[in-house]
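Asks: The structure follows.
The values are calculated or read from the model by the stated rules, or taken from the named source; none is laboratory data. Fair warning: this is a prediction, and the values are worked out from it, not measured in the lab. No Cβ is skipped: glycine too gets one built from the backbone with ideal geometry, and neighbour counts run over all protein chains shown. For accessibility, only protein heavy atoms count, side chains too; no ligands or nucleic acids. Shrake-Rupley method; radii C 1.70, N 1.55, O 1.52, S 1.80 Å.
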Amino acid sequence: MHLMREQPGAQSPQAALLGLNTHAIGGYDRELAREALHIPAEYELLAVIKLGYPGDKSALPEALQEREVPTGRRSLNELVFEAVFLG
């Protein structure tokens, strides 16, 4: 059985609007996750996505602090809008 509440990735824009970060995790132990989260066997684990508020950059080791720079990606305000399509 597959249980997908939303389109994969659809939660990321909403999370960003709420000040949260998301990150998909590809390498995880499915059986350990099933056991830790008490997921019944009839459900297939397809993805793990971590979700949380960004922490203080100064709490990171110095080498990782250097990697924490803006990505240059467009902001959500440039990409997402709410309106009625008139096309």
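Asks: Please name all residue pairs, on different chains or six or more residues apart, with Cβ atoms under 8 Å, provided the first residue is in the stretch 58-81 and is more than 21 Å from Leu18 (Cβ to Cβ) and the second residue is open to solvent by 100 Å² or more (accessible area, probe 1.4 Å) and at pLDDT 75 or above.
Replies: Pairs found: Leu60/Glu68.
Asks: Now a separate question. Got at least one residue in the stretch 37-52 being acidic (Asp, Glu) and in contact (Cβ under 8 Å) with a residue 12 or more places away in the chain?
Replies: So the first thing to find is which residues in the stretch 37-52 are acidic (Asp, Glu), and the list is 42, 44.
Add one more test, that the residue is in contact (Cβ under 8 Å) with a residue 12 or more places away in the chain, and what stays is 42, 44.
Within the stretch 37-52, one or more residues are acidic (Asp, Glu) and in contact (Cβ under 8 Å) with a residue 12 or more places away in the chain.
Asks: Within the stretch 12-54, work out how many residues are in a strand (DSSP E or B) and not small (Gly, Ala, Ser).
Replies: Adding up the residues that qualify gives 8.
Asks: Something else now. Can you say whether Glu35 is surrounded by 10 or more Cβ atoms within 10 Å (Cβ to Cβ) and over 26 Å from Gln14 (Cβ atoms), as far as the supplied structure shows? Talk me through it step by step, then tell me what you get.
Replies: Values: surrounded by 10 or more Cβ atoms within 10 Å (Cβ to Cβ): yes; over 26 Å from Gln14 (Cβ atoms): yes.
For Glu35, the condition - surrounded by 10 or more Cβ atoms within 10 Å (Cβ to Cβ) and over 26 Å from Gln14 (Cβ atoms) - is met.
Asks: Now for a separate question. Please determine whether any residue of the stretch 52-62 is at positive phi and out of contact with any Leu (no Cβ under 8 Å at 6 or more places or on another chain).
Replies: No: zero hits.
Asks: When the stretch 50-82 is examined, which residues are found to be among the acidic types (Asp, Glu), within 19 Å of the chain's Cα centre (by Cα) and modelled with pLDDT under 85? Before the answer, list the steps.
Replies: Going residue by residue through the stretch 50-82, those that are among the acidic types (Asp, Glu) are 56, 62, 66, 68, 78, 82.
Retained after the next criterion (residues that are within 19 Å of the chain's Cα centre (by Cα)): 56, 68.
Passing the criteria: only Glu68.
Asks: For the stretch 56-73, enumerate the residues that are part of a loop (DSSP other than H, G, I, E, B) and open to solvent by 70 Å² or more (accessible area, probe 1.4 Å). Outline the logic, then answer.
Replies: The first filter runs over the stretch 56-73 and keeps only residues part of a loop (DSSP other than H, G, I, E, B), leaving 56, 60-61, 66-73.
Matches in the stretch 56-73: Asp56, Pro61, Glu66, Arg67, Glu68, Val69, Pro70, Thr71, Gly72, Arg73.
Asks: I've got another one for you. Here is a list: Ala47, Ala36, Ala63. Which entry is within 30 Å of Glu82 (Cβ to Cβ) and aliphatic (A, V, I, L, M)? Give the steps one after another, and end with the answer.
Replies: Numbers: Ala36 fails: within 30 Å of Glu82 (Cβ to Cβ); Ala63 fails: within 30 Å of Glu82 (Cβ to Cβ).
Within the list Ala47, Ala36, Ala63, the selection yields Ala47.
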